[in-house]
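To start, the structure itself, in structure tokens.
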Amino acid sequence: MYRIPCPHCGPRAQAEFTYERTAEAIIDPALPASEAMPRLYTRTNPMGVDDELWRHTYGCRAWVVLTRDRVTHVISASRAIGPEVLP
Amino acid sequence: MKEYSALSLLRGALTGHQHWRPAWRDATPAASYDVVIIGGGGHGLATAYYLASVHGIRNVAVLEKSWIGGGNTGRNTTLVRSNYRLKPLHDFFEFGLKLWEHLSDELNYNVMFSPRGAMFLGHSDADMTMLAQRGDAMAASGIDAELLTRDQVAKLEPLIDMSRSARFPVEGALIQRRGGTARHDAVAWGYARGADRLGVDIIQNCDVTGFVREGNRITGVETTRGRIAAGRTAICVAGHSGHVAGLAGLRLPIESQTLQALVTEGVKPMVASVVMSQSLHCYISQSDKGGIVMGGDPDAWPSYARRGQPTIVEHAIAQAMAIMPALSRLRMLRTWSGVTDMSFDGAPIIGATPLDGLFLNGGWCYGGFKATPASGWAFAHTLATGTPHPLVAPFALDRFERGATVDETGVGPMPNHR
């Protein structure tokens, strides 16, 4: 069990959070199908650092963006979702 | 190399067992091969074996970054079954189950296949309806499936809590009596020995670091032991498919997650069959050494770490204890983790990629071990002929953009909700 820094609540137990999807899987409804398809169905899935959308399900219930290493599990950034994060 | 037999064992006993030889050569990589298989797990070794034995293609190398069978082949719960609902899945796994039944003879290596029965418990009327539907679908394809009553379940597994006050009451079960378990290491070693005897080079400690590309064609691999040219290149690294395909610039419908399992101290026989619950997602079986092997949900977030969260193990144990309270008296021996390729519809991906000469076998989610023989058989056919084997044609990489997903559980494109 490790702790995830919620931008609203501070560090909380990982069990309070739910992984939702990688940030590259955010689909703008205006995208043409040819560009939406790879975002819906494929992933870079890096063996390293990626931006991910998590939800503080059993806390403030906000969605947050974590920059997380998928090998070491080190979280290098945690950001609130807002206009400056999502288009 | 000599055949293994009771006679050779007896002869060895008289000469102090000096007759044992390495079961496969420690090959050094040649400059080029007809087929280079990346990944020396069960699937890669089985593919090499069937390429050599069925298709006569023996100029083959299997590249393994550490030691063979040390990835998911050595990290699973060894369950073998073909009780899937959808036809493409149960036809494929049934073909595999028939290979399992004769695998020890085929390889002259005891893979300890033990068809003790694989049983899905039903905990409600709705569960029983789902299980009956699954059983009917299997029976329609000629696969054995038998619906059990509460009394039959209680007779088969006396330690299951059958009381009406149980946390997860048991209403019945669906059993596939031909399902069971096998010895995971023996599968890797048996295929390795078989492939080696037919001339396949098994090259360990050889990490693939990149691909050699000419236009849209992959013509070889860069490794920590030099460049190796290949007529056809096969990725067989489930768990790390996303990473290796990424070296060729491909994005796959796969996310890598951790799956954990655990085993208790060895005890006398107490679990006769493989007891599973899909509603809970929990599976219990007893190894031939006597340890109770249990597993549960994946850690539902991406990781390549090969270590998981204790909360997930605790959850799996809680479920298993609710079904079989006597398990609470056992001490846990160890837990372990593997990295699984979670595909977007829960089905595997086998076949060609957008790059010429590059083929993929991955996306096994948490069900790759049982597929080992069928996967090797069908992938060898695909590599030898350049066209997909009919059994794996539904599992093509481009099925997502075609809208032809094979979604056993009907979850949708969510690798973390399987």
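Quick note: the coordinates plus some simple rules give every number you see, no bench work behind them. All figures in this text were calculated on a predicted structure; none of them were measured in a lab. With ideal geometry, Cβ positions are generated from the backbone for all residues, glycine too; neighbour counts draw on all protein chains shown.
Kirkwood radius and radius of gyration were both taken over the C-alpha atoms of segment B:319-410, and their ratio Rg/Rh is 1.15. In the protein assembly as shown, a dipole from Cβ-located charges (positive for Lys and Arg, negative for Asp and Glu) runs towards its positive end, and of B:L99, B:H17, B:Q257 it is B:H17 whose Cα lies farthest in that direction.
Relative to the longest principal axis of the Cα atoms of chain B, the long axis of helix B:125-140 lies at roughly 40 degrees.
Mind sorting A:R70, B:R418 by how few other Cβ atoms lie within 10 Å of their own Cβ, fewest first?
B:R418, A:R70
For an R0 of 41 angstrom, estimate the FRET efficiency from the Cβ-Cβ distance between A:T67 and B:A6 and round to the nearest 0.05. Don't jump to the answer; show the numbers that get you there.
Details: r = 60 Å, r/R0 = 1.46.
E(calc), rounded to 0.05, equals 0.10.
Among B:387-399, B:342-354, B:9-21, the peptide with the highest mean count of other Cβ atoms within 10 Å heads the list, and the full ranking is B:342-354, B:387-399, B:9-21. Can you give the longest stretch of chain A with no exposed loop site, where a site means chymotrypsin sites (Phe, Trp or Tyr not before Pro) in a DSSP loop (not H, G, I, E or B) with at most 14 other C-beta atoms within 10 Å? With chymotrypsin sites (Phe, Trp or Tyr not before Pro) excluded where exposed in loops, chain A gives A:3-57 as its longest stretch.
Of the beta bridges DSSP finds with both residues in the protein assembly as shown, what % are antiparallel, to the nearest 5? Rounded to the nearest five, the antiparallel share is 80 percent. The residue list B:S279, B:I312, B:L333 was ranked by how far each Cα lies along the charge dipole of chain B toward its positive end, using unit charges on Cβ atoms, and B:L333 comes out on top. Each Lys and Arg adds +1 at its Cβ and each Asp and Glu adds -1 at its Cβ; summed about the Cα centre, chain A shows a dipole of about 320 debye. Please give the helix B:42-53 orientation as an angle from the longest Cα principal axis of chain B, in degrees from 0 to 90, rounded to the nearest 10. The two axes meet at around 50 degrees. Rounded to the nearest 10 degrees, the angle from helix B:372-385 to the longest Cα principal axis of chain B is 30 degrees.
Using θ = phi - 60° in the Karplus curve 6.51 cos²θ - 1.76 cosθ + 1.60, the 3J(HN,Hα) couplings for segment B:330-340 round to 8, 9, 7, 8, 6, 10, 8, 9, x, 9, 10 Hz; x is entered for Gly and Pro. Result for chain B in a Gaussian network model with C-alpha springs under 10 Å: among B:S66, B:S241, B:S375, the largest mean-square fluctuation is at B:S66. Along segment B:192-202 the Karplus relation, 6.51 cos²θ - 1.76 cosθ + 1.60 evaluated at θ = phi - 60°, assigns HN-Hα couplings of 4, 5, x, 5, 4, 5, 8, x, 6, 8, 9 Hz to successive residues, with x for each Gly and Pro.
Residues with beta-carbon under 11 Å from that of B:T28, excluding B:T28: net charge, scoring Lys, Arg +1 and Asp, Glu -1?
0
Rounded to the nearest 0.05, the FRET efficiency derived from the C-beta distance between B:T28 and B:V212 at R0 = 22 Å is 0.70.
Put the Cα centre of segment B:265-338 next to the Cα centre of segment B:121-141 and the gap is 24 Å.
With the Cα gyration tensor of segment B:17-83 giving a ≥ b ≥ c as the square roots of its eigenvalues, does the rule (a/c under 1.5 for rounded; else a/b larger than b/c for prolate; else oblate) give rounded, prolate or oblate?
Working: a/c = 1.57, a/b = 1.21, b/c = 1.30.
Judged from the Cα gyration tensor, segment B:17-83 comes out oblate (a/c at least 1.5, b/c at or above a/b).
Using a Gaussian network model of chain A in which every pair of alpha carbons under 10 angstrom is joined by a spring, one finds that among A:V74, A:V65, A:V49 the greatest mean-square fluctuation is at A:V74. Across peptide A:60-73, the average count of Cβ atoms from other chains found within 10 Å of a residue's Cβ is 2.
On the beta carbon distance between B:W20 and A:T18, with R0 = 60 Å, the FRET formula returns roughly 0.70. The shape of the protein assembly as shown comes out oblate: with a ≥ b ≥ c from the C-alpha gyration tensor, a/c is at least 1.5 while a/b does not beat b/c.
Think of it this way: in the protein assembly as shown, A:C60, B:C206, B:C236, B:C282, B:C365 stand alone, with no other Cys Cβ under 4.7 Å. 3J(HN,Hα) along segment A:54-60, derived from phi through the Karplus expression 6.51 cos²θ - 1.76 cosθ + 1.60 where θ = phi - 60°, amounts to 10, 10, 7, 4, 9, x, 7 Hz, with x in place of Gly and Pro.
Shape call for segment B:245-376 from the C-alpha gyration tensor, a ≥ b ≥ c root eigenvalues: rounded (a/c under 1.5), prolate (a/b greater than b/c) or oblate? Don't skip to the end; give the middle numbers.
Working: a/c = 2.68, a/b = 2.08, b/c = 1.29.
It comes out prolate by the Cα gyration axes.
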